[in-house]
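Below: the structure, in C-alpha cells.
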C-alpha cells in the first residue's frame, strides 16, 4: 500500500501488553490500577471477583433493586487494581476471558431478572461481543485502537456500573436501549473509520512502524 508523500500516518499507541489491551479496562479500573503501580498479580483477584459475583447472581442479588450494584462494585474492587500489571504470568492470559464472562453474565442476569425482552438483552450483548471481537482482530493485525476508545466505551467496569445504576434507578428497558444504541454507534463508527484508514494488512502496518 502506497502512502501519499508528505501525508503523515497517525498510528495509535502500541499497547505495552496485548493481554492488558484485551482486558478492555475503563477509567475506573485503570485508576485503581495506578494505586498499586502494577504490583498486584491480576489472576487471583479476578478469580475471587468471579466467585463473589457468581454467588451474588445465584442469590438473586441482580434482581433486587437495592443490592444490584454490589456485583460490579465487588468485581471492580477486586479486579481493578490488577489492570496495570504487565500480565506476564503463565496463566494471566485467562484474565480477559474471565472478565468477559463476568460482564456478559451480569448484563444478561440483570436483564432477565427484571423481565426485559430477550431481544433487547441480545442487542446489548451483541454490541459488547462486536467490540471485543474487533479488539481481538485489531491486535492480531497490529492495527491498534485509539487510547480514547476504552474511555468512551466505559470499559467492562463502567458498563457494569451503568447497568447497576439503571437497575437501581430505572426504567431498565430504556436504560438498556440507550446503552445499546450508544455502544453500537460508538464501536461501529470507530471500527469502520479505523479500518478504512488502516493499512490493508498487519504486514503493511509493521512496515509503516519500521519506517517511522
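Tell me, in nm to one decimal, what length is gained between residue 147 and residue 77 on full extension, where the rule is 0.36 nm per residue of separation less the Cα-Cα distance?
Stretched out fully, the residue 147 to residue 77 stretch lengthens by 22.9 nm.
Take the alpha-carbon centre of the stretch 178-192, take the same for the stretch 19-61, and report the distance between them in whole Å. Centre-to-centre distance over Cα atoms comes out at 24 Å. Distance between the 7 Å Cα→Cβ label points at residue 93 and residue 186: 2.9 nm. Pulled fully out, how much extra length does the chain show between residue 70 and residue 130, if you take 0.36 nm times their separation in residues and subtract their Cα-Cα distance? Working it through step by step, the gained length comes to 18.9 nm. Can you compute the FRET efficiency between residue 105 and residue 174 using 1/(1 + (r/R0)^6), with r the Cβ-Cβ distance and R0 = 22 Å? Round to the nearest 0.05. My answer for the efficiency is 0.45. In this entry, the stretch 18-211 is assigned a mean projected area of 11.3 nm², taken as a quarter of its C-alpha convex hull surface.
Only the coordinates and a few stated rules stand behind these numbers; no lab work does. All figures in this text were calculated on a predicted structure; none of them were measured in a lab. Glycine gets a Cβ as well: all are built from the backbone with ideal geometry, and neighbour counts include every protein chain shown.
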